Every structure is written in C-alpha cells, then in structure tokens.
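**Student:** Before we start, here is the structure in question, set down as structure tokens.
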Amino acid sequence: MSSAIEKLGLAVQRSVWSKRAESWDHAENPGLGRVVDAVIAKANLVKEDEVLDLGCGSGQLSLPISKGVKSVLAVDISPRMIGLLQDKLNESGLSNVDTQTASIQELHFVDESFDLIVSNYALHHLSDDQKKLVVRQAFRWLRPGGRMVFGDMMFGRGGTRQDRDIIVSKISIMLRKGPGGWWRIVKNTARYLARVQEKPISQRAWTQLFEEAGFLEVGSEIVVAEAGVVFGIKPGTPFDFTSR
C-alpha cells in the first residue's frame, strides 16, 4: 500500500511541476537568484569536477555551474523542466551537461561517482525521512573529499524565534496583497500544517542531517529570510569551505 501511495505522490509531483515549468522558468525572483549565487560560491568549482544537480528544474544551477566544471548530470522529476533545460543547452551549445528525468528518491548511482552534488529549492518537497535518505545516499555517491551544497527553504514548525519571524513576515506580505493574498494565507497554512507539497525544515535540522550522514566541515548560512545553504565535505582530501 505504501508503495502505491508513493507512486501516486510521484505522479502528482511530476504533473504539478510539468504544469508549472514555464511560469517557474520565467518568474522574476531575486531571492532565488541570491540562493543560487550562494550555492555556486560555496561549491568552489574545479575544472575536473563531475557534478550531480538534484531537482535541476530548467537549469538555474546546472547552466552556470557547467561553465566551470568537467560535466554536470542534471536530474528532475518533470519531463517539461528537462525539456526546457535541453532547449537552453541546444541554444547555448554547451555539451558537458547530461539530463535525466527521474524523482530524486528513485535515483541510483555507483558509489563515489561525483566530486560535487548540488541542489536548489527542490528538497523541501520531500518528506523528512526522504531528505535523510537522500543526504545519506549522496554521501555514498561522492568521492572522498567531495563536496555537497544544498540551497533550500530553512525554517521549521514555529519552534524558534527565527521560524516565527519568517512566518510572520510571510503572512504580513500576503495580507498587503488583498483578497488574493488572504486566500493564499488560508491555502498555505493548510499545506504547512498538513505537510503537503512544501515540507521545509530548520537550518539546524539540515546541518544535523549532514553531520549524521558523516560529512565534515558542515556549515550553513541564511541567505534570504526563508532560505539558505547547507554544505559539507566527505572525509578524504581536505577541502576548506572558508578558503574563498
């Protein structure tokens, strides 16, 4: 039964993101851009890097990263998102990006396949157990000394002052939008309480997942009100995130 439910959930996600692909691709979101920049800065790209981008969307990370590394494998659950990325690759002439249509939780790779694993604004759609599994799997997929950098929503269930400040800020913004914003408050509150669609966790919870998986030099930084980056390295060749 649980397998059937999981498959249904994946089908719903695939449909939702295929429908949202164009609007997401063309949306102006300065905050999202700042998180993308922060992920790339913390990744400390190396020309020899083989990179995995989890939940790549239409290439917000994959495209800029590809210009500084050996190769990128860009994975997304939505065929339409992958199609948009492929169109951009064809237009740009970039030849070092491969694409794969798959959900993050369905992925399987040989251990020690990548030097760098990144993701941006994708993993808050997974359950907490799925996040934990992805972090542990990604640890195995990295080569010794490999790095992992995730950008994502970072707030919990209202248990900290930071959580409450973020929630109040989001509600205040929606209130100023009039009836449309009020409806979004109702809808998003229901989703938040039921843990439907968006399932963010706190900054500290993210660092704990990395630490428990075995990463070293784990750290995190808030970039915008509700989002930040978390990063770590797999034991092996030393790598210093503070070297920039």
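**Student:** Sequence-distant or interchain residues sharing an amide H contact under 5 Å with residue 99, placed H: which?
**Tutor:** 74
**Student:** Whole-Hz Karplus ³J(HN,Hα) for segment 79-87, in order, using 6.51 cos²θ - 1.76 cosθ + 1.60 and θ = phi - 60°, x for Gly and Pro?
**Tutor:** Residue by residue, segment 79-87 yields x, 5, 4, 4, x, 4, 5, 5, 4 Hz.
**Student:** In the structure shown, do any of 47/199; 42/70; 47/88 have a Cα-Cα gap over 29 Å, and if so which?
**Tutor:** As for pairs spanning more than 29 Å Cα to Cα, those are 47/199.
Rule-based calculations on the coordinates, nothing more; no lab input. Bear in mind the structure is a predicted one, so any value in this text is a computation, not a measurement.
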